[in-house]
Amino acid sequence: MLPAKRLLAWHQAKEALRAAREEQKRLEEAIAAAERRVAEKEEQLRRLPVPANPDEEIARMLLEQEWWLAKKERDDAAASYADRNGEQEPTIQQLQFDIMQLEAGLDPEFLRAYLRLSETKALPIAEVRNKCCMGCCLPLSLRKLDEWRRGKGPVFCDECDRILV
Ligand SMILES: [Zn+2]
């Protein structure tokens, strides 16, 4: 695999892993939030005095209903977390493996350039399509394209400075 293509594959695998982990975190946060709502309703129920009239009885029933709904929401969140994790876990393991393999074969010069640009850019690499840099969408000079095709060492876009891959 050409060093630029390997860098791209490594970058994409890392991004996919990050997205998968972010999704896991979002689902975990949803469970925690639902858990807090259940605890809040339980606390409110505990503080409610024993109903002494029909209004107070209705108030308790409503609160009990809210408690029940909060529990259902929590159980649903936990179930979708379990479902999604079952699907995602093998993907995450595969990605971790791919990243390790790709990383081991990365050209050090490409990696250095990538890490340097990562400090200032969210996306330090850009694909070349139709003779344009996909980072800034500007056409590349013929000389740049030629340099990029030869693929000896990292080639940078003149406009946005990203590594062309
Ligand atoms: Zn560019």
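The values are calculated or read from the model by the stated rules, or taken from the named source; none is laboratory data. Remember, predicted model here, so these are calculated numbers, not experimental data. FYI the Cβ positions are ideal-geometry reconstructions off the backbone, even for glycines, and counts take in every protein chain you see. Please note that ligands, DNA and RNA were not included when accessible areas were found on the heavy atoms of the full protein model with its side chains. Shrake-Rupley method; radii C 1.70, N 1.55, O 1.52, S 1.80 Å.
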* For the stretch 109-122, what are the residues that are among the aliphatic types (A, V, I, L, M), within 20 Å of the chain's Cα centre (by Cα) and in a helix (DSSP H, G or I)? -> LEU115
* Asked: Looking at (1) away from the ligand (no atom under 15 Å from the Cβ); (2) within 18 Å of PRO3 (Cα to Cα), which is the only condition GLU147 fails?
  -> (1)
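Yes/no per residue for (1) among the acidic types (Asp, Glu); (2) touching a residue at least 12 places away in the same chain (Cβ under 8 Å):
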site	(1), (2)
LYS5	no, yes
GLU22	yes, no
ALA32	no, no
ARG36	no, no
* Answer yes if at least one residue in the stretch 89-108 is without any contact (Cβ under 8 Å) to a residue 12 or more places away in the chain, within 20 Å of GLN24 (Cβ to Cβ), more than 20 Å from the chain's Cα centre (by Cα) and assigned to a helix (DSSP H, G or I), and no otherwise. => no
* Structure fact -> When every residue in the stretch 31-54 that is of a type in the set (Gly, Ala, Ser) and modelled with pLDDT of 95 or more is compared, the one farthest from GLU103 (Cα to Cα) is ALA39
* Asked: Which of the residues that make up the stretch 142-160 are basic (Lys, Arg) and either open to solvent by 60 Å² or more (accessible area, probe 1.4 Å) or in contact (Cβ under 8 Å) with a residue 60 or more places away in the chain (or both)?
  -> ARG143, ARG149, ARG150, LYS152
* Asked: surrounded by 11 or more Cβ atoms within 10 Å (Cβ to Cβ), part of a helix (DSSP H, G or I), within 16 Å of the ligand (Cβ to nearest atom) and not assigned by TED's automatic domain parsing to the domain that holds GLN12 - does that describe any residue in the stretch 125-141?
  -> no
* Structure fact -> Checking PHE156, PHE97, PHE110 in turn, the sole residue that is at pLDDT 95 or above and either within 12 Å of the ligand (Cβ to nearest atom) or in contact with a Ser or Thr (Cβ under 8 Å, 6 or more places away or on another chain) (or both) turns out to be PHE156
* **Criterion (closer than 17 Å to LEU7 by Cα, crowded, with 16+ Cβ neighbours inside 10 Å and outside the structural domain of ALA4 (by TED's automatic domain parsing)) met by exactly one of ILE99, ILE163** => ILE163
* Within the stretch 68-85, identify whether any single residue is of a type in the set (D, E, K, R) and either outside the structural domain of GLU15 (by TED's automatic domain parsing) or modelled with pLDDT under 95 (or both), and answer yes or no. => yes
